[in-house]
Each structure stands twice: as C-alpha cells, then as structure tokens.
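Input: a single structure, listed below in structure tokens.
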C-alpha cells in the first residue's frame, strides 16, 4: 500500500492492512488510522514497562474490536436517523395533502408546525452527537509521532541492553572455560603422577618425540620438548625397558573444549544477528500533519 509521500509499509503489515480494508469496504488509510489510534490508547500516558509491551498485540486487537463496534453503532444510528427523517417527510407530505383537500391554502396549523420543529431539533441533536463521535475518533491520532518515537527508542534501548548482556555472557563463558581447562589439566597431571608413583617410575619417553621426560619436574600434562599433550602413562615392560607417555587430548578435556566452543559460537551468532538487524532495518521518518486527519506511512519500521 503506497503512502501519499511515496513511502511503504513492511510487506506483512501492508498485506494485513489491505485485507482488512477489503473486508470492511473502506480505504486502507482508514484501517491504518484505526491501528495507530489503538497504539496511542495502549501506550500514551501509561508508563508501562518493557514487559508490558508484550501484551500490545492482544490489547490492539481488543481496541480495534471496540472501534469496529463503535463504527457499527454510528452506522446504525445514522440509518435510524435517516429512517426517521424519511418518516417525518412522508408524514408531512401526507398531512399537507389531506389538509389541502379540506382547508383553504392560506390557513395555518400551529400544532403541526410545533411537531415539525421538534422533529427537526431532534435530528439536529443526533447530527451533533455524530460530529462529536467523529471528533473523538480523530483526536486519537494527535500524538501519533510521539507513539512512533517512543516505540523506536524502546526498541533501540532493548537492542543495546541485549548486546551488553550477550557480551557479558561471552566474557563469563571465556573465563569459565579457562578455569575449567586449567582444572582438567591439573587433574590429568595428577593422574599421570599418581600412576607413575604407584609404578615407581621417575622418567618416561614421550610417544611423539621420544625425548626423555622427568616426571617429577612436570608442571603440566604436556611434553616439555614438543608440547604434545599426555593422555596416559604406560609403565616400563621390564628392567631394561622405559615407561612411555602416550600423547593425545584426554576425552574429558576435549569434550569441555567442544562444549565451550559451541556455546561461544551460539552466543556470538545471537550478537551478530542483533547487530545485522539493527544495521539493515531503516528507521521511519516522522509523519507530517496533513491537517485532514489522514495518516500515511513514511517508512519501514523495525519492530516487526
């Protein structure tokens, strides 16, 4: 649905507006006007929290239903007024014809004139009431720009907070992973030294580089020469044999590293999607007041 100023609504919102307009037999701008009035009633002067905004769609549906009901009442009232006017007109014509047949043309009917005056006054009162209802409906869009600005600022604020939370989560996750890795390496070294102590082994050869490693000097479960991680210790097969330090990442340490990488990647994906969404979506320009209470779309809004 193209607006007066050449802008356009998002596709899904434009389709919804067109469907509603076609179903009710009105202008698409009328449907948009009603929807924006609902935003004003739901948000303006309410001081609601961000959590309360989650209930806006249900409240908008409620208010739109009330507007539809009010429109039906107005239409019904207009039909009733038109029917009464036609009835009065027919009765006046009928009475005039009857009196023309029975009385001279220059005679007068004070009682009939009083009735006509009363009926006319009643019709005018009804029309005044209709004008008042129209004014109340139109007044719902006076602060339309304020509502759009509030929603835009709220969205930007929430996006900033989300990025801060995600970054903090990444930092905590990184620190936790470092602590967990250090603890697992400490445990792996303790297990190797315990096995060596039980077997009375003081040195062993690295399986990867075949260098001799003094077990009592190890500070981490890695070869001092080639930095290959040690997985387990095989004791010497005989008096002249040598113990062997088999290389490889311990299963529990490998699992911890994999879990940490998956969690970090997932959080970074969330942060990346939030950044891309904020960069790709254009913010709407404020609408200009046309002076005739017709509201047109001036840009795409990101809160869909």
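The values are calculated or read from the model by the stated rules, or taken from the named source; none is laboratory data. If you're wondering where the values come from, they're calculated on a predicted model, not measured in any experiment. Don't worry about glycine lacking a Cβ; one is built from the backbone with ideal geometry, like all the others, and counts go over all protein chains shown.
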Matching residues in the stretch 210-227 - criterion: being touching a helix residue (DSSP H, G or I) at 6+ places or on another chain (Cβ under 7 Å) and assigned to a loop (DSSP other than H, G, I, E, B): 218, 220, 221
Qualifying residue in the stretch 187-203 (condition: in a strand (DSSP E or B) and in the same structural domain as residue 241 (by TED's automatic domain parsing)): yes
Matching entry among 154, 120 (being assigned to a helix (DSSP H, G or I), more than 26 Å from residue 37 (Cβ to Cβ) and modelled with pLDDT of 75 or more): 120
Filter result for residue 93 (surrounded by 11 or more Cβ atoms within 10 Å (Cβ to Cβ), at pLDDT 70 or above and in the same structural domain as residue 24 (by TED's automatic domain parsing)): no
Cβ pairs under 7 Å, 6+ apart, first in the stretch 221-245 and outside the structural domain of residue 205 (by TED's automatic domain parsing) and more than 17 Å from residue 194 (Cβ to Cβ), second buried (at least 18 other Cβ atoms within 10 Å of the Cβ) and modelled with pLDDT under 85: none
Whichever residue in the stretch 38-53 is more than 15 Å from residue 69 (Cα to Cα) and outside any loop (DSSP other than H, G, I, E, B) and, among such residues, is modelled with the lowest pLDDT: 51
Of all residues making up the stretch 150-186, the number that are without any contact (Cβ under 8 Å) to a residue 60 or more places away in the chain and closer than 18 Å to residue 220 by Cβ: 5
